[in-house]
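Data first, discussion second: the structure below is written as structure tokens.
All of the numbers you see were taken from the coordinates with simple rules; none came from a lab. This is a predicted model, so every value here is computed, not measured. Cβ placement follows ideal geometry from the backbone for every residue including glycine, while neighbour counts extend to all protein chains displayed.
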Amino acid sequence: MSSLLAVLLPAAAIERLVAPFLGGDDPLFGTRFTGDLASFFDAERLAALAPDPAADLSIVYGCGAALAGWDGPLIYADLPKNELQFRARAGSVANLGCAAPGDHKRMYKRFYFVDWPALNRHKASLVARVGLLVDAQRPAEPASLSGESFRAALGQMSRSLFRVRPWFEPGPWGGQWIKRHIAGLAQDVPNYAWSFELIVPENGLLFASDGNLLEASFDWLMFHDHRAVLGAAAGRFGYDFPIRFDFLDTVGGGNLSLQCHPRPEYALREFGEPFTQDETYYILDCEPGARVFLGFQEDIDPPAFRAALERSYAEASPVEVERFVQSHPAARGDLFLIPSGTIHCSGAGSLVLEISATPYIFTFKMYDWLRLDLDGRPRPLNIARAFENLAFERRGARVRDELIARPATLAEGPGWRVVHLPTHPAQFYDVHRLEFEQAIEVATEDACHVLSLVEGSAILVETAGGARGRFSHAETFVVSAAAGSYRIRNLGGGVAKVVKAFVKP
């Protein structure tokens, strides 16, 4: 039996390898690792690993065991990335090549920028070779699936529909809507700030058989057949699933931090991200008086605004936000457009369906209402990075004209209609709302559709190929481009409404 740990580079050499990608002292941001998993190993010692000719059975194990090149069955032990985060917080895991765990936030930064890119490139090369997939979340009771059955299941998903396993997180500004309305969640937390409905770099896919469950990371689906999933957009995005859905809950909570996201050229240059974090806020529910902060006042003075933010950070003094930033009343069904560089945040009292490009950690916070995080520490701000990206031209009347969607009916028939909620020209995805009393027919037109039931109790979705899925209020699901067409039936009373996002042609 041989362990890959024996042929890892020394810890100091690994630190030198990854250091250029970790952003120095920046607590949050680095740059995507450009190497591969083999970079972490001593090439000569790795090549020297060989089966024992005198043994009946030889096993090589550890992260990257397939790099040994042995001619034998390949068993892949998979772990969802959110489970890895929980273990990092508990101090029970370490980064690749590290002997001991460190601060969990710094560990996450290295996972995101170094470990996951290297491991995903390795995983992509193994899809056709895996003989047995093992769900490693419960080491004492591992679930497994043959490689052949796993690939067949991925093939079905890539041509039909699926829902990933969501996960939920409390936060300093979090609210109570999710706790009250989504069954089965733990109630021993102060709030839920996020429901990560479709944040595919971290979500998992569930497979069921005879009452048993197995979870595999979402990456496998894209590595298996991204063309079937994405359709015409596959050439542009490759293995990157482009659209993200999550919920931001501030009902009974507080305002989000005042923030912006990097412009595309900045995201590529600074972080190695091929596309940036463009967002929209769809208001699924809200309390009376709820507002969204979006865009600058007409008379914005950038130096005065920056001075106020920096003084607040240095002196823990409040900022008169609406002196600089507009706020807009929020109502159910509104869609606010947040192309990169736009100053924004959701105010208290809303359940926001955030429809976004997939990158999800590149938030430059400028003001956080003098709040501490759940660990009792000040949340890090990124005022300097924000001012390298802020679009000060998005001010005054332009904000209402350009950044709040104006619904228009695209098509309608007896008991149904399709409403267009147009996004900003800089955003690569578009949004429709399907409204129907009984049923509606939808063609994918070679595009992947990401959908969520925003009004109504439940729906049944049936693809042209016979796949079926039942989804409840506020649940997100995906119909692959290769499904061709699908029908949605309303299982409740009244009018059902489903929001659909897709890459623009």
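How big is the Cα convex hull of the stretch 403-461 in projection, averaged over all directions, in nm²?
That works out to 4.9 nm².
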For VAL292, other-chain or 5+-apart residues with amide H closer than 5 Å (H placed, Pro excluded) are HIS328, ALA330, GLY347
About the Cα centre of the stretch 423-486, how large is the charge dipole given +1 on each Lys and Arg Cβ and -1 on each Asp and Glu Cβ? Please answer in debye to the nearest 20.
200
Phi-derived 3J(HN,Hα) across the stretch 467-476 with the Karplus relation (6.51, -1.76, 1.60, θ = phi - 60°), rounded Hz, x for Gly and Pro, is 6, 9, x, 9, 10, 9, 3, 6, 9, 9
Coarse-grained scattering of the stretch 362-422 at q = 0.17 Å⁻¹, given as base-10 log I(q)/I(0) from a Debye sum over alpha-carbon atoms
-0.79
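At a threshold of 8 angstrom on Cα-Cα distance, excluding pairs fewer than six apart, so keeping six or more, what relative contact order does the chain reach in percent? Don't jump to the answer; show the numbers that get you there.
Values: 1101 pairs, mean separation 67.3, N = 505.
That works out to 13 percent.
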With only Lys, Arg, Asp and Glu charged, each at its Cβ (+1 for the first two, -1 for the last two), find how big the charge dipole of the chain is about the Cα centre; round to the nearest 20 debye.
340
Can you list the HN-Hα couplings for the stretch 67-81, worked out from phi with the Karplus curve (6.51, -1.76, 1.60; θ = phi - 60°), rounded to whole Hz and with x for Gly and Pro?
5, 5, x, 5, 8, x, x, 10, 10, 10, 8, 9, 9, x, 5
Let me have the relative contact order for the stretch 37-140, percent, based on Cα pairs under 8 Å that are six or more residues apart.
33
Specify which residue in the list LEU22, LEU4, LEU119 is farthest towards the positive end of the charge dipole of the stretch 1-154, using unit charges on the beta carbon of Lys, Arg (+1) and Asp, Glu (-1), about the Cα centre.
LEU22
Which one of PHE296, GLY252, TYR282 is farthest out on the positive end of the charge dipole of the stretch 230-299, using unit charges on Cβ (Lys, Arg +1; Asp, Glu -1) and the Cα centre as origin?
TYR282
5 angstrom amide H check on LEU161, placed H, neighbours 5+ away:
SER480
Between LEU74 and ALA55, the two model label points (7 Å from Cα along the beta-carbon direction) sit apart by a distance in nm of 2.0
Subtracting the Cα-Cα distance from 0.36 nm times the residue separation, let me have the gained length for ALA100 to ARG227 in nm, one decimal.
41.7 nm
For the residues MET157, MET1, what sequence is obtained by ranking on other C-beta atoms within 10 Å, fewest first?
MET1, MET157
Residue-wise, which Karplus ³J(HN,Hα) couplings in Hz belong to the stretch 233-238, taking 6.51 cos²θ - 1.76 cosθ + 1.60, θ = phi - 60°, and x for glycine or proline?
7, 4, x, 7, 9, x
Quick one: PHE150, PHE21, fewest Cβ neighbours within 10 Å first, how do they rank?
PHE21, PHE150
Amide hydrogen neighbours beyond the local backbone of GLU475, cut-off 5 Å, H modeled:
LEU453
What are the equivalent ellipsoid semi-axes of the stretch 26-145, built from the alpha-carbon gyration tensor (square roots of five times its eigenvalues), in whole angstrom, biggest first?
27, 18, 14
Give me the angle, in degrees from 0 to 90, between the Cα long axis of helix 302-315 and the longest principal axis of the Cα atoms of the chain, rounded to the nearest 10.
60
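If R₀ is 60 angstrom, what is the calculated FRET efficiency for the pair ASP401 and SER146, using the beta carbon separation as r and rounding to 0.05?
Numbers: r = 57 Å, r/R0 = 0.94.
Between ASP401 and SER146 the formula returns 0.60.
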Taking only C-alpha pairs under 8 Å that are 6+ residues apart, what is the relative contact order of the stretch 309-438 in percent?
23
